[in-house]
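These notes are about the structure you will find just below.
The values are calculated or read from the model by the stated rules, or taken from the named source; none is laboratory data. None of the values given here were measured: they were computed from a predicted structure. We place every Cβ from the backbone using ideal geometry, glycine too, and count neighbours over all the protein chains shown. Just so you know, the surface numbers come from the protein's heavy atoms only, side chains and all, with ligands and any DNA or RNA stripped out. Shrake-Rupley method; radii C 1.70, N 1.55, O 1.52, S 1.80 Å.
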Amino acid sequence: MLAPPPIISVSNLSKTYGSGFKALKGINLDIKRGEIFALLGPNGAGKTTLISIICGIANLSEGRVTVGGHDINSDYRAARSLIGLVPQELHTDSFETVWATVSFSRGLFGKPKNPAHIEKVLKDLSLWDKKDSKIITLSGGMKRRVMIAKALSHEPQILFLDEPTAGVDVELRKGMWDVVRGLQASGVTIILTTHYIQEAEEMADRIGVINKGEIILVEDKAGLMQKLGKKQLTLHLQQKIDAIPPALAPYKLHLSDDGRLLTYDYDTKGERTGITSLLSDLRNAGIHISDLDTTQSSLEDIFVSLVRAP
Amino acid sequence: MNYRAIRAIYLFEMARTWRTLLQSIVSPVVSTSLYFVVFGAAIGSRITEVEGVSYGTFIVPGLVMLSVLTQSIANASFGIYFPKFVGTIYEILSAPVSYIEIVIGYVGAAATKSIILGLIIMATAALFVPLHIHHPLWMLTFLVLTAVTFSLFGFIIGIWADGFEKLQMIPMLIVTPLTFLGGSFYSVNMLPSGWRTVTLLNPVVYLISGFRWSFYEIADVSVGLSLGMTLGFLAICMVLVWWIFRTGYRLKN
Ligand SMILES: Nc1ncnc2c1ncn2[C@@H]1O[C@H](COP(=O)(O)OP(=O)(O)O)[C@@H](O)[C@H]1O
Ligand SMILES: [Mg+2]
């Protein structure tokens with residue numbers, strides 16, 4: 001069976017700013033319909049630039065992007081109609097009311113009036129009691145939600161959230177994730193950017209890592225978690241040994257050069273770790289242990305090693 | 001055409017006008033009244049008549065044009081500059097709207113506002129001096145054309161400007177002087193012939209002359225020429241706007 005076509009397809013996308021700075025270098029990325037995709041990368045990696053191009057805020061220099069099969073340049077109307085964007089910065093019309101600004105967005109996207117939908121969006125985002133307030137009177141977290149409401153006002157199939165939790169408190173973050181999950185359940189594809197690993201881990205189905213304008217990894221979260229699930233047990237030996245006894249071969253141990261450290265890789269998510277039997281087999285082989293410790297490779301480590309790679 | 005988007009932008013801009021009613025309508029009316037007091041009463045008592053009409057009556061079309069020009073530019077330039085300045089332009093750029101729709105929304109609202117303003121100023125003027133409009137349809141034509149042209153011009157300035165100084169600069173340094181020297185307060189025929197030739201290089205002369213003709217059938221230049229120049233200027237602004245959007249100039253990185 002053929003895989004369903006991606007809802008967003010980015011091919012060979014490059015972006016050079018007017019200053020001559022190359023912010024994106026040959027990006028290839030497909031977003032699957034209905035998934036939550038996290039774009040993870042340090043500040044300045046090019047996350048906002050990539051989103052800006054897909055949404056029509058910046059021009060691309062090279063390459064091609066399609067949204068729902070529509071080219072973002074030649075068929076921009078169809079492409080943009082599908083997208084709701086919540087940009088990184090809080091840009092709001094201070095003197096408008098919440099209701100007016102959200103209704104404006106719906107009109108701008110060419111949708112007929114639908115007060116019931118706007119009401120639902122505002123209620124979902126706990127903004128209903130603020131609907132007649134001027135935006136200038138709202139807190140930062142509420143302004144962020146107003147921007148989400150604007151993006152959802154026209155019932156987009158795709159929602160971009162650029163660093164949605166920057167400066168947002170824990171309570172609100174939780175509420176926001178509930179909304180995002182609800183949207184996914186209703187079939188909306190969500191792309192969010194973040195430089196917090198936990199956030200990507202918590203929310204996403206797939207994670208893409210971007211650094212210096214290049215995508216260096218795209219993987220299912222489950223796959224990434226498996227890498228993450230690997231732990232290492234280090235055994236400090238009382239006496240140095242020259243070689244690993246044949247009886248211990250099945251454990252695939254690694255002996256350090258000085259013959260005093262044995263390391264054992266195991267999977268915390270596996271049925272059994274094998275540690276208990278390893279320890280008893282070691283004793284049977286006459287190897288005594290003075291100390292032991294375990295280390296875990298975190299997504300953070302994976303990430304750091306990825307972005308440090310030349 | 002995304003008519004709903006045009007409507008949304010237009011109504012958004014008009015709502016901004018009502019919010020700033022004092023600044024947008026009342027202050028031009030007050031300053032126009034002051035012109036009448038100062039020019040009409042003080043100078044008018046010395047210059048009794050220009051080409052057969054009283055001085056106070058003579059300056060009305062010029063005064064209206066003065067306000068329509070400056071307000072069209074101010075409204076339209078601010079209307080597009082402000083979203084750029086506060087960042088809300090992101091939404092317009094990411095919406096499924098064409099450039100033509102954006103222009104119609106913003107320029108339409110700015111022009112509407114200055115047309116209303118022009119009519120209010122005429123009504124105010126009618127309180128001070130007897131006013132007679134010979135060719136109301138032509139009057140409206142010139143009013144609308146001028147409002148649209150200069151709103152487009154303002155829109156261009158708003159996109160070009162990257163700071164509030166630049167936003168003020170062109171209106172203050174170029175448009176206001178050209179308007180004052182464009183025959184708002186005198187007939188070009190009153191000038192010595194050397195000056196008259198120089199004055200005819202000023203595009204505003206043609207706007208005011210045509211507009212004044214529609215009131216009193218007196219004109220510095222032929223009506224056809226006035227209309228031609230107005231349309232020519234409109235065409236130039238349209239080409240500029242087209243170029244701006246084709247290149248994404250100062251709107252998109
Ligand atoms: N308008 C611009 N002109 C020149 N360089 C820019 C512009 N916008 C962003 N950049 C540069 O492009 C790079 C990527 O920026 P951005 O996409 O905002 O990164 P991120 O969102 O991942 O933090 C950064 O180095 C930034 O300085
Ligand atoms: Mg960013």
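Remark: residue B:199 falls outside the filter, which requires a residue to be on the phi < 0 side of the Ramachandran plot and in contact (Cβ under 8 Å) with a residue 60 or more places away in the chain. Against the condition in a helix (DSSP H, G or I), free of Cβ contacts under 8 Å to residues at least 12 places away in the same chain and of a type in the set (Val, Ile, Thr), how does residue B:174 come out, does it pass? Considered against the rule, which asks whether it is in a helix (DSSP H, G or I), free of Cβ contacts under 8 Å to residues at least 12 places away in the same chain and of a type in the set (Val, Ile, Thr), residue B:174 comes out as yes.
Here is a yes/no grid of residues against (1) under 23 Å from residue B:162 (Cα atoms); (2) modelled with pLDDT of 90 or more:
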| site | (1), (2) |
| --- | --- |
| B:47 | no, no |
| B:57 | no, no |
| B:66 | no, no |
| B:79 | yes, yes |
| B:82 | yes, yes |
| B:91 | yes, yes |
| B:115 | no, yes |
| B:124 | no, no |
| B:130 | no, no |
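Among the residues of the stretch B:1-18, those identified as open to solvent by 100 Å² or more (accessible area, probe 1.4 Å) and not aromatic (Phe, Trp, Tyr) are B:1, B:4, B:7.
Of the residues that sit in the stretch B:86-100 and are touching a residue at least 12 places away in the same chain (Cβ under 8 Å) and facing chain A (nearest Cβ under 10 Å), which one is farthest from residue B:2 (Cα to Cα)? Per the criteria, the residue is B:89.
Of the helices (runs of 4 or more DSSP H) contained entirely in the stretch A:39-124, those carrying at least 2 residues that are away from ligand 1 (no atom under 16 Å from the Cβ) and among the acidic types (Asp, Glu) fall at A:115-124. If you take the residues in the stretch A:50-81 that are within 16 Å of ligand 2 (Cβ to nearest atom) and free of Cβ contacts under 8 Å to residues at least 40 places away in the same chain, which one is nearest to the other protein chains (Cβ to nearest Cβ)? Residue satisfying both the conditions and the ranking: A:57. Counting only helices (runs of 4 or more DSSP H) that sit completely within the stretch B:1-116, those holding 3 or more residues that are within 27 Å of residue A:113 (Cβ to Cβ) correspond to B:3-19, B:60-86, B:89-94. Does residue A:189 satisfy the condition of being within 16 Å of ligand 1 (Cβ to nearest atom), open to solvent by less than 10 Å² (accessible area, probe 1.4 Å), farther than 22 Å from residue B:7 by Cβ and not aliphatic (A, V, I, L, M)? So residue A:189 does not fit the description; no.
Just to be sure, is residue A:241 more than 16 Å from ligand 1 (Cβ to nearest atom) and in a loop (DSSP other than H, G, I, E, B)? Spelling it out, residue A:241 is indeed more than 16 Å from ligand 1 (Cβ to nearest atom) and in a loop (DSSP other than H, G, I, E, B). Looking only at the stretch A:1-32, residues that are among the hydroxyl-bearing types (Ser, Thr, Tyr) and within 16 Å of ligand 2 (Cβ to nearest atom) come to 1 in all.
The residues of the stretch A:130-153 that are open to solvent by 40 Å² or more (accessible area, probe 1.4 Å), over 12 Å from residue A:93 (Cα atoms) and not in a helix (DSSP H, G or I), listed by number, are A:131, A:132, A:139.
The residue pairs whose first member lies in the stretch A:172-195 and is free of Cβ contacts under 8 Å to residues at least 40 places away in the same chain, whose second member is away from ligand 2 (no atom under 16 Å from the Cβ) and among the small types (Gly, Ala, Ser), and whose beta carbons are closer than 6 Å, counting only pairs six or more residues apart or on different chains, are A:172/A:141. From the list A:179, A:168, the one residue that fits, being within 16 Å of ligand 2 (Cβ to nearest atom), out of contact with any strand residue (DSSP E or B) (no Cβ under 7 Å at 6 or more places or on another chain) and within 30 Å of residue A:118 (Cβ to Cβ), is A:168.
Hey, does the stretch A:17-29 have a residue that's under 16 Å from the mean Cα position of the chain (by Cα), more than 10 Å from chain B (Cβ to nearest Cβ), outside any loop (DSSP other than H, G, I, E, B) and more than 13 Å from ligand 1 (Cβ to nearest atom)? Checked against the condition, which is being under 16 Å from the mean Cα position of the chain (by Cα), more than 10 Å from chain B (Cβ to nearest Cβ), outside any loop (DSSP other than H, G, I, E, B) and more than 13 Å from ligand 1 (Cβ to nearest atom), the stretch A:17-29 yields at least one hit. Among the residues making up the stretch A:133-145, those that are under 16 Å from residue A:166 (Cβ atoms) and either modelled with pLDDT of 95 or more or of a type in the set (Lys, Arg) (or both) are A:143, A:144, A:145.
Flag: residue B:29 matches the condition of being touching a residue at least 60 places away in the same chain (Cβ under 8 Å) and away from chain A (no Cβ under 14 Å). Please determine whether any residue of the stretch A:113-125 is facing chain B (nearest Cβ under 10 Å) and not aromatic (Phe, Trp, Tyr). Yes: one or more hits. The lone criterion from (1) outside any strand (DSSP E or B); (2) of a type outside the set (A, V, I, L, M); (3) more than 16 Å from ligand 1 (Cβ to nearest atom) left unmet by residue A:199 is number (3).
Condition test on residue B:239, is it crowded, with 18+ Cβ neighbours inside 10 Å, away from ligand 2 (no atom under 16 Å from the Cβ) and either closer than 22 Å to residue B:109 by Cα or among the polar types (S, T, N, Q) (or both)? No; evaluated as a whole, the condition is false for this residue. Checking A:96, A:35, A:89 one by one, the residue that is within 16 Å of ligand 2 (Cβ to nearest atom) and in contact with a helix residue (DSSP H, G or I) (Cβ under 9 Å, 6 or more places away or on another chain) is A:89 and no other.
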